[in-house]
Amino acid sequence: MSTLQLLWFVLIGILFSGFFFLEGFDFGVGMSVQTLAHDEEEKEQIIQTIGPVWDGNEVWLLTAGGAMFASFPYWYASLFSGFYLILFIILVGLIIRGVSFEFRHRMPDGKRRRMWNWTLSIGSFIVPFFFGVLFISMVQGMPLDKDGNMMASFTDYINVFSVVGGVALALLCYLHGLNYITLKTEGPVRERARNYASFFYWILYVGLVVFAALLYFKTDFFDNHFVVTLLLVLGIVALTVVANVSVFKKKEMLAFLASGLTLILLVVLLFSGLFPRVMIGSEGYYDILIKDASSTPYTLKTMTWLSLTILPFVLAYTGWSYYVFRKRIKHPAIEAAGYEG
């Protein structure tokens, strides 16, 4: 395995980490529209917290997919063909979620707007849930032939572990979104989001215990990388506790950062367990290794220079956009009354 191959494996992990940190709270906010808000004004307030940034956050996913295609075409071909239906469902979730922002805005109050509110929340749940199913199915191992073709049955995709993984990722995103709402709003929605987060963290603790047990019995992570896997699992638990305590003490920024870092550590856990593979064969045969799945050294070198040139501008623009839209969003009625928080 060359240095460039390892570098691009790490970079793809970083891109997915950035996607789940940034788009994760978008998904949580989307789910909160129908679970947290009590009226249309509160729903509008919640949506405004991500209005300027949600589409930019999705670029991280497009970049991760493009980077995978260019740097590891063998991995891309096996993953995208083998998980075609799951990725199609994810794409549908992204589409219905994306169009709902515009359509609900153009609909008068009534059934049609309520329909697009539901579409936003459902789409925001579908994407992280099926991403969790995809990643957990992948690390459990899938039936691959010597050419990297996947010949899987329904239970290879949908099983106890993959469903637990999907629910856990959706719940992590929901909590990340609630923490973002407390950070970005004023009024009743802010307090309600804090109360919801305090409750759902106790459910997450149970989920993390089940997830860790299934990770031990259903994958080879502890066999191959015992110390790293154990430290990452403990890190996820510790960050969850930090986020929970921060919610209780009303340290909103710390709670938001802790929930985001939890998602990042989860991606690191999955990628470290994969290493030095990119796809795992379910019977221990026909694993696809990093060294066998990558593009040519010239392609990797060219991509590295381009990335180093462009990346600083992208990060600077992202940081600037969040700085510009840093103010809290007020409830329209409260804002009209001159409430300052």
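Using a probe of 1.4 Å on the protein chains alone, the accessible area found for ILE126 is around 30 Å². Of LYS111/LYS251; LYS111/LYS250; LYS111/LYS249; LYS43/LYS218; LYS111/LYS184, which sit over 30 Å apart, Cα to Cα? As for pairs spanning more than 30 Å Cα to Cα, those are LYS111/LYS251; LYS111/LYS250; LYS111/LYS249; LYS43/LYS218. For segment 3-301, a crude dipole built from +1 on the beta carbon of Lys and Arg and -1 on the beta carbon of Asp and Glu, taken about the Cα centre, is about 500 debye to the nearest 20. Measuring with a 1.4 angstrom probe and ignoring ligands and nucleic acids, VAL267 comes out at about 10 Å² accessible. Listed by chain and number, the aspartates and glutamates whose C-alpha is less than 15 Å from the C-alpha of LYS327, apart from same-chain residues fewer than 8 away, are GLU186, GLU252, GLU335, GLU340.
A dipole drawn for the chain from +1 and -1 charges on Cβ atoms has a positive end, and of GLY24, MET107, LEU87 the residue lying farthest that way is MET107. Legend: calculated FRET efficiency, LYS249 to ALA213, from the Cβ-Cβ distance at R0 = 51 Å, rounded to 0.05, equals 0.95. By the combined test of axial Cα extent (at least 24 Å) and Kyte-Doolittle hydropathy (mean at least 0.0), the qualifying DSSP H helices of the chain come to 3-35, 84-106, 111-140, 160-184, 188-218, 226-248, 252-274, 297-324. Our helix-only sum for the chain, with -39,500 (n - 2.57) per DSSP H run of n ≥ 4 divided by its residues, gives a mean residue ellipticity at 222 nm of -26500 deg cm²/dmol.
The values are calculated or read from the model by the stated rules, or taken from the named source; none is laboratory data. If you're wondering where the values come from, they're calculated on a predicted model, not measured in any experiment. Cβ: placed from backbone, ideal geometry, glycine included. Neighbour counts: every protein chain shown. These accessible areas exclude ligands, DNA and RNA; they are computed on the full protein's heavy atoms, side chains included. Shrake-Rupley method; radii C 1.70, N 1.55, O 1.52, S 1.80 Å.
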